[in-house]
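Written out below as structure tokens is the structure these notes cover.
The values are calculated or read from the model by the stated rules, or taken from the named source; none is laboratory data. Predicted model, so just to flag it, every value in this text is computed and none were measured. Note: ideal-geometry Cβ built from the backbone for every residue, glycine included; neighbour counts use all protein chains shown.
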Amino acid sequence: MPQKEYKADLAVIGGSLGGFAAALAALRQGLSVIISEEGDRLGGQLTSQAVPPDEHPWIEQFGCTASYRRLRSDIRSYYRRFYPLTESARSQEALNPGNGFVSRLCHEPMVSSAVLDAYLRPYISGRQLTVLLHHAPVSAEVSHDRITAVELQSQDGKKVSVTAAHFIDATELGDLLPVCQAEHTVGAEARQETGEPHAADEADPLNQQSHSWCFAIDYDPGADHTIPKPAEYDFWRSYVPDLTPGWGGPLLSWQATHPITLEPVIRSFNPLHPQPERGPMDLWTFRRIADRSNFKPGAYASDIVLVNWPQIDYMLGPLVGVSPEEKAQNLRRSRELSLSMLYWMQTDAPREDGGTGWPGLRLRPDITGTDDGLAASPYIREARRIKGLFTVLEQHLSPECQPKNSTAAQSFPDSVGIGAYRIDLHPSTAGQNYIDVSALPFQIPLGALIPVRITNLLAGGKNLSATHITNGCYRLHPVEWNIGEAAGMLAAYCQQKQRTCHEVHSRPSLLEDFQKMLSAAGIELYWPQIGLL
């Protein structure tokens, strides 16, 4: 049977949050778009990975694109329209449904999915957009440094061919890069190579940030929702991470390492009486996505908490640069770790009253949209990264490397957006503990989205030309959205002007014209005077 063929102006390979933003931006500019995704839904870390948005302190006022701000507003509007909020919660302009510490918009992932799906529905109905779920890239045709077609394979083994004028890699792991033989890197660079103060002594492709398989829970006092004992529970119950500096105790415990000081800390956990002050030390409120006090009495019997804690960071092996069998094993074992953490909390965890275990903790598959209550996909922090026309280094972001009293990182004349977050690297698969250091509010340089060679390929997310170190602050929700949106806009601009991405970057007149297009679309290119993170 002949292979099915799809054709569009733009093909976005990967339905991450950046990929979604890329597709939406291109659609709004009139392009026909194909977006593929290996999993069962679009939106990446905000939906399938179930992670509430990690954002900077000024997100309510500035520091993101207009479309991302609209997304945040629409999520709040969804709650006001459909959820039984109290009048007090409904009246809050900056409604935070979960009142979690980590974000000003901690909310249920299925709400994100509903809002994002609504954005795309008119384009699907108008046949301007084709969505191919459960499809992953397996091969590509490249001629004269230009991708002419990408072959996707579905879960049932069927293959389809996608042709487009431009391609964006927005997969969670940068999976299109090796398929089209685009120059790229993975893992940690050596300090001698980049000059970065916190780079590794030696390059190591297998030195990658841990991934996490998140899950949602609530608490049903008096009931027993203990899951069957996970097959690897005994292993994880006794496992002590072998990290430099040391972790300080078993992974399955209330103890962990403070990300900045690297000193051991004890976190609190009590679903009946959470700490009144939200903060990183109280796990119940840390990533809470539904605070029952925001809803009318009886609507929620319990708060709902998204577990994305240090205790479920999987450090025993990476997902890139290993065999398919080893990757599958690491994914399976990370699920076992998450289930083991839950089982430990239900059975063995020490309580403040001297008892052990909280058997009333209950998985919430209806919240994650899965059969088992675990997220549909693992939370990915690090991917393959293109070798771009420009690479963002720690020296560009660190306050120690900028003039004294600087309020922003190094300025990039080719800025296509802005972001702000600490350089936040979780424990790595090579035994490195947290690297969490200050970064000044930064820009996103266009050169980091454009590969050194292939002329019609763009990075659409955390696979931009950053390093292992700077990936730590370019991977968060609003930054990934901005990267994807800028990539989608560039594809549209090149289509309209009949220019290549490299030409736009190298010709000042084209670059200025493109930046005006971005500004008109509500993409902020420069930071106001602010301070240090």
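Here residue 409 meets each of (1) small (Gly, Ala, Ser); (2) in contact (Cβ under 8 Å) with a residue 60 or more places away in the chain; (3) closer than 30 Å to residue 265 by Cβ with one exception, condition (2). In the condition set (1) modelled with pLDDT under 95; (2) out of contact with any Gly (no Cβ under 8 Å at 6 or more places or on another chain), residue 278 is compliant with all but (2). The sole residue among 105, 85, 71 that is surrounded by 22 or more Cβ atoms within 10 Å (Cβ to Cβ) and more than 25 Å from residue 267 (Cα to Cα) is 71.
Looking at the range 229-260, which of its residues are of a type in the set (D, E, K, R) and either buried (at least 16 other Cβ atoms within 10 Å of the Cβ) or more than 14 Å from residue 348 (Cβ to Cβ) (or both)?
Within the range 229-260, 232, 237, 242 qualify.
Residue 300 meets each of the listed conditions (1) of a type in the set (Phe, Trp, Tyr); (2) part of a helix (DSSP H, G or I); (3) under 30 Å from residue 90 (Cβ atoms) apart from (2). Look at the range 445-473: where a residue is under 14 Å from residue 180 (Cβ atoms) and a partner is of a type in the set (Asp, Glu) and surrounded by fewer than 24 Cβ atoms within 10 Å (Cβ to Cβ), sitting 6+ places away or on another chain with Cβ atoms under 6 Å, you get 452/183; 453/145; 454/145; 455/145. Can you find a residue that is surrounded by fewer than 20 Cβ atoms within 10 Å (Cβ to Cβ) and within 27 Å of residue 438 (Cβ to Cβ) anywhere in the range 207-224? The answer is no, given that none of the residues of the range 207-224 is surrounded by fewer than 20 Cβ atoms within 10 Å (Cβ to Cβ) and within 27 Å of residue 438 (Cβ to Cβ). The residues on offer are 244, 171, 185, and the sole one that is among the hydroxyl-bearing types (Ser, Thr, Tyr), in contact with an Asp or Glu (Cβ under 9 Å, 6 or more places away or on another chain) and under 30 Å from residue 386 (Cβ atoms) is 171.
So that you can scan it fast, the table gives a plain yes or no per residue for (1) surrounded by fewer than 19 Cβ atoms within 10 Å (Cβ to Cβ); (2) part of a helix (DSSP H, G or I); (3) not assigned by TED's automatic domain parsing to the domain that holds residue 20:
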{"residue": "462", "(1), (2), (3)": "no, no, no"}
{"residue": "491", "(1), (2), (3)": "no, yes, no"}
{"residue": "496", "(1), (2), (3)": "yes, yes, no"}
{"residue": "502", "(1), (2), (3)": "no, yes, no"}
{"residue": "505", "(1), (2), (3)": "no, yes, no"}
{"residue": "509", "(1), (2), (3)": "yes, yes, no"}
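In the range 186-294, which helices (runs of 4 or more DSSP H) lie fully inside it and hold 1 or more residues that are polar (S, T, N, Q), touching a residue at least 40 places away in the same chain (Cβ under 8 Å) and outside the structural domain of residue 401 (by TED's automatic domain parsing)?
Values: elements: 191-194, 233-238, 283-286.
Of the helices (runs of 4 or more DSSP H) lying wholly inside the range 186-294, those with at least 1 residues that are polar (S, T, N, Q), touching a residue at least 40 places away in the same chain (Cβ under 8 Å) and outside the structural domain of residue 401 (by TED's automatic domain parsing) span 191-194, 283-286.
Screening the range 379-459 for strands (runs of 3 or more DSSP E) wholly inside it with 1 or more residues that are at pLDDT 95 or above, farther than 30 Å from residue 148 by Cβ and assigned by TED's automatic domain parsing to the domain that holds residue 485 returns the ranges 415-419, 423-425, 435-437, 442-445.
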